[in-house]
Amino acid sequence: MGFFFISLTNSRKSHFTRYPHIYNPKKKMLNLNPGKTTVFPITMLLLLMAFRPAIAHTGDSLMNKLSRTKKPDQQLVILHQLFQVSRYENIHAAEKYMMSAIDIGMKTGNTTSLVNSYGQLASLYEQQRNYMQAQLFYQEAQKTAVEADLPDLLPELNYHIGVALCHLDRFSEALTYLQHASMASSPKQHELGPRATLFQALCYYEAEQEDKAICQFDSLLNMAGKMDNQALLSFYYYELQSFWLHRNEWSRAIPLNEAALQLFTANNDHHYAILTLKDRADIYLALDSVNKATDFLRRALNTINNIGSINYLKPAVLDGLANCYRKLDDKILSQSYERQSKLLRDSMSFKGKATTMPIQSISYPGVLPYKKSSIGIANNWQGRLTPLLLLAFGTLSVVIWLRYKKIKGNITREKEAALQIARQVAEQEKQIAIRQAWEQLEREKEDAVHEARGLVEKVREEARTLQAQIATTSVLLANKTEYLQQLQEKLHTSNNEDCRRFAKEIKSNIGDNDYWGEFIRNFNLLHQNAIDRITKKHPDLTPNEVKLTCFILAGMNNKEIAGVFSVEPESVKKARYRLKKKLKLTEEESLRSYLEQLQ
């Protein structure tokens, strides 16, 4: 419980650092109860260490049972249970348990148990691919079964002996045992026939009887494609890929390896799945595809780490990875995997010796690792304390859980409050951004309007300048035209022939252009038909008064107007007075203002 609490604290550390009132980074503990949080996990840890036997491992409880019993039958059952518990985690311990079971079976004369113990020990060696030891113990089991007249056990033992001999390349001997195994007729042994037939085919192939081997291979594969027994089918694929792997025929081994791997993975047969991955890595190493081999070995290592119950295969995988990285010239990773493999092998060896040390010196009937009296006293004392400890641990667990839920609720509420504040801040920032954008837009709009007004004013100024130039030009042309017309009339009335000829030429060059009319039209265009509106309201204005109106609207003073008409400024002043009187304006009223209002 203490370890669980510490791991829970560490896992939530990164989150609690945001809340200093909950997590104290100096003490690296949760502030569940100030003044007691540091003592609590240490107290829990000491309690667990003191009363660890009361909450013992399954193997420890079985050892306690073994130490308390003197009945051989019960001892055999417990030893077999211990073997099953430790065969994947502690191979040395499993070997000693089976040796003890064999010792008890031999001394009690229990041949059935003895055959079973021989077979279990042989399967342990076969699991480690120590086929020599496996074959010897399978033969001992067969010999004992023959002496005890147990014919039902012989086919399976013959099969295992034949397989071990086949792996030892003793094919002629293996054929004899496999032929006996293939003749099994018991319904419980219906899979022995096809399995034995497969190894017979392998033996025929190695004995250079390839025709028989290929015929049996084809028949087995055809039968495998039709069967629903995935376990038997995966066995076919695995053994065939091992056979082709042994013969270095990689093109045949790889498809079978892949098919076997898929079936083992689907059936959660992790032991053979890892062995299949290791075989695939060996194939790619032989083909110099070191990167692919590394990938498959990593898959095997990840599978072992995820399962955590087949560590006996881990050293071989680590050695393979060290070899791969050695070929890739990565000395750091290669040495790291070598160290891990060595440490794991030493740990397993030490663990096996430490666990089985009491069993090494046993001799039936004294098979117990400890004296019964001391074990009994310890167990009685622990038995009385166990309910109280369990109750205390349960109460503490509930208290911790409730406290954790409260902390979690506080964190949730603080998170929601923080989110609410964040939303408000974001909304305020959004409003500020919108207001700033609107103000910027207004400033740009005002700048644009001001700039447009400046352009309009400039255009107007240019238009007024152009208007004055046009008006001046038009008036000059009109005056010159009038002057030429007057001169032409004077020359025409002269008695001199040359004067008449000059008058005729002047008339032909002047033409019929109405410059004053053109001036009025252009002025109307520039001032939006102002003259038309004025003449419409005052139709009695003379042409000279209309011209004077144009010059006044153009902003010309008396002197400028006098220059245009070639008269004295005083004459222009009198003309303005008469026009003002004609328009019925008082002396205080401005003539120009009145004319501009009429536009």
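So for the stretch 488-507 (the condition being part of a helix (DSSP H, G or I) and closer than 26 Å to residue 459 by Cα), does at least one residue qualify?
Keep residues of the stretch 488-507 that are part of a helix (DSSP H, G or I), which gives 488-492, 497-507.
Restricting the remaining residues to those that are closer than 26 Å to residue 459 by Cα gives none.
No, that holds for no residue.
Within the stretch 232-265, restricting attention to residues that are under 18 Å from residue 310 (Cβ atoms) and small (Gly, Ala, Ser), which residue is farthest from the chain's Cα centre (by Cα)?
234
For the stretch 397-419, how many residues are in contact with a helix residue (DSSP H, G or I) (Cβ under 8 Å, 6 or more places away or on another chain) and charged (D, E, K, R)?
Counting residues in the stretch 397-419 that are in contact with a helix residue (DSSP H, G or I) (Cβ under 8 Å, 6 or more places away or on another chain) and charged (D, E, K, R) gives 0.
Right, residue 545: in contact with a helix residue (DSSP H, G or I) (Cβ under 6 Å, 6 or more places away or on another chain) and modelled with pLDDT of 85 or more or not? Write out each step before concluding.
Working: in contact with a helix residue (DSSP H, G or I) (Cβ under 6 Å, 6 or more places away or on another chain): yes; modelled with pLDDT of 85 or more: yes.
In short, yes.
Being without any contact (Cβ under 8 Å) to a residue 24 or more places away in the chain, more than 24 Å from residue 569 (Cα to Cα) and assigned to a loop (DSSP other than H, G, I, E, B) is the filter here, so list the residues in the stretch 521-544 that pass it.
The first filter runs over the stretch 521-544 and keeps only residues without any contact (Cβ under 8 Å) to a residue 24 or more places away in the chain, leaving 521, 524-525, 529, 531-532, 535-536, 539, 542.
Still in the running and more than 24 Å from residue 569 (Cα to Cα): 521, 524-525, 529, 532, 535-536, 539.
Once the filter is applied, which keeps residues that are without any contact (Cβ under 8 Å) to a residue 24 or more places away in the chain, more than 24 Å from residue 569 (Cα to Cα) and assigned to a loop (DSSP other than H, G, I, E, B), the stretch 521-544 yields 529, 539.
Yes/no per residue for (1) in contact (Cβ under 8 Å) with a residue 12 or more places away in the chain; (2) part of a helix (DSSP H, G or I); (3) farther than 21 Å from residue 529 by Cα; (4) hydrophobic (A, V, I, L, M, F, W, C):
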{"site": "546", "(1), (2), (3), (4)": "yes, yes, no, yes"}
{"site": "549", "(1), (2), (3), (4)": "yes, yes, no, no"}
{"site": "572", "(1), (2), (3), (4)": "yes, yes, yes, yes"}
{"site": "585", "(1), (2), (3), (4)": "no, no, yes, yes"}
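The values are calculated or read from the model by the stated rules, or taken from the named source; none is laboratory data. Everything quoted here is computed from the prediction, not taken from an experiment. Note that each Cβ is placed from the backbone with ideal geometry, even for glycine, and that neighbours are counted across all protein chains shown.
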